[in-house]
Each structure stands twice: as structure tokens, then as C-alpha cells.
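Read-outs throughout are calculated quantities, based only on the coordinates presented, and are distinct from any laboratory measurement. Here the structure is a predicted model, which means the values were calculated and not measured. Ideal geometry is used to build each Cβ from the backbone, glycine not excepted, and the neighbour counts take in all protein chains shown.
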Amino acid sequence: MNDQDYTDFLATLGEEYCEVVTPLCEHGAQPQDGYEVFGKVFGYNDITPEKLHAAQTSTGDLARICDAARQWHESDRISDAQVREVLRRVLRRWPAGADDRQAGSDAFRWLDSNMVASAEAPDEALDWVFMLRAEDWPLLESIWLERPAAWREACAYLLGHGPVAPSQRLLRLALADPDGNVATEAAVSLCAQTIEHPDEAPFDPSLLPRLKELRGRDSRDIMAEVDEILRRHGGAP
């Protein structure tokens, strides 16, 4: 983890700690309080995502953090449940093994960790998609086939509602995916972008055979956008 990433991590810890703990303290809480509490437990120069991940499954660490928070704020209303919530909020942005993967931005890490779950509640995920940096898009391509089909399918869906130009390469990769559900989702997303944003995503005739193939395989009523593109460009059955 480089210096900027570590600064971002500590800032996230302070912000999330403050938001969770403030209602339980007579005088509220500040982000610095999170640093003080976790520093007392782990050492001020040794607060790391790895230690927070380990604390999630360690009753001893949870108890020590809880005790430190109670003493610091002079409040017995703080419990293990609040400590777990702080950890959950911080670590959704710093998932296990993040340092072992190519770095990427906070948005990349959050999406990589939460992609499958985001299919059920996409609003927050879409906010993160629009925060992806230019260097994140090649990273998504590089990990594509390493991720399970459910992850790839959810990603293809989200990208259909995200920034048009940056998503084109990844959606074309998804269109060629060996998993039919992933490829179908990508077909719908690509066609929807072509319909809604023709200047940014003009129709590419080379995609027509794959679109026809996928449409022929899937009889479900979920491919209206694909049907419209096929109708417009002479590919309708």
C-alpha cells in the first residue's frame, strides 16, 4: 500500500467511525477519534486493513476495540455491534487481498468486492461506476475471466447504465463471454447504449452475427433493445 492509499484508508476509518459512533456519545465524535481508538489497540503506526479484517473474526480484538472506544468517549453505549459496523463499512472499500491485486482506485476495489451483490441493489454501485478512473478500465479487463460468471453478468448490467465511451471495450469483451447469461446481458447493454447514445456508441455491423446468435438462443422477453437494433439494421429474423 503506498502512502496515498494508506492516507485514504485512515481517512475512511475516521469518517466511518465518526458516523457510527456519534449518536452514542454525549459530545459526539470526530474522525480523529477513530484513529485514537484503533491506534490504542493496534499501535498508531500499525493500523492496517489486514488487522481490521482479522478483527472481524476475533472476539478478543472486537472486545479490545470496544473497550478502547468506551473509555475514550466515556460511554458504555458502544458495543461490539457498532465496532463490527465500523469494520464492515471500512472494509467494503478495502476488501481482503486488495494489496495482492492490481491497485486501482477506491471505486475499482469497491466494485470488485461488491459486484455480485450490486445486481440486487444497483444504485450505490452505479455511483461507483461513474467514479472509475481511466486506469481502472484496463484493470477490469485484466481480471475479467478470473471472476465468476455471476460477477461478470452483474458487471455487464451495470456498465449498460454507466459512462458510455469507457465501457465499450469491456462490454465487447463481455459480448464474447463463454457464459450465455453474461453475453446476453452485454448484448442488451451495448444495444441500449447504441439506441440512447448513438454518437458515443454508433452501431458496429461486425457485432450483428453475435447479436443474432444470442437472440436465437434466448427466447426470454428480456432483449427488447437487441430486437430493436436487429430491426433497424436488417438482422431481424
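Each residue of the stretch 125-135 was assigned a 3J(HN,Hα) from its phi angle through the Karplus expression (A = 6.51, B = -1.76, C = 1.60, θ = phi - 60°), giving 4, 5, 4, 5, 4, 6, 9, 4, 8, 4, 6 Hz with x at Gly and Pro. Using Cα springs under 10 Å in a Gaussian network model of the chain, which residue among SER142, SER206, SER75 shows the largest mean-square fluctuation? Highest fluctuation of the listed residues: SER206.
Contact order, relative form, for the stretch 72-174: 24 percent (alpha carbon pairs under 8 Å, 6 or more residues apart, mean separation divided by residue count).
The convex hull defined by the C-alpha atoms of the chain has an orientation-averaged projected area of 14.8 nm². Between the stretch 172-237 and the stretch 8-78, the C-alpha centres lie 49 angstrom from each other.
Computed over the chain with a Gaussian network model linking Cα atoms closer than 10 Å, the most mobile of PRO198, PRO95, PRO138 is PRO198. Summary value for the stretch 3-99: 30 percent relative contact order, contacts being C-alpha pairs under 8 angstrom separated by 6+ residues.
For the pair GLU74 and GLU196, a Förster radius of 41 Å applied to the C-beta separation gives a FRET efficiency near 0.15, rounded to the nearest 0.05.
Considering only SER113, SER79, SER58, the Gaussian network model of the chain with Cα springs below 10 Å gives its largest mean-square fluctuation to SER58. Measuring gaps between exposed loop sites in the chain (chymotrypsin sites (Phe, Trp or Tyr not before Pro); DSSP loop; at most 16 other Cβ atoms within 10 Å), the longest gap, sites not included, is 45-129.
For helix 164-175, report the angle its Cα long axis makes with the longest principal axis of the Cα atoms of the chain; keep it between 0 and 90° and round to the nearest 10°. So the helix axis and the longest Cα principal axis differ by about 70 degrees. Applying both filters, DSSP loop and at most 13 other Cβ atoms within 10 Å, to the trypsin sites (Lys or Arg not before Pro) of the stretch 4-98 gives ARG77. A Stokes-Einstein calculation at 25 °C with viscosity 0.890 mPa s, built on the Kirkwood radius of the stretch 1-49 over Cα pairs, returns a diffusion coefficient of 221 µm²/s. Relative to the dominant Cα principal axis of the chain, helix 180-196 is inclined by about 80°.
Across the chain, the relative contact order, built from alpha-carbon pairs under 8 Å that are at least six residues apart, equals 11 percent. Extension gain, ARG172-GLN30: 0.36 nm per intervening residue step, less the Cα-Cα distance, totals 46.5 nm. The angle between the Cα long axis of helix 80-91 and the longest principal axis of the Cα atoms of the chain comes to about 40 degrees, rounded to the nearest 10.
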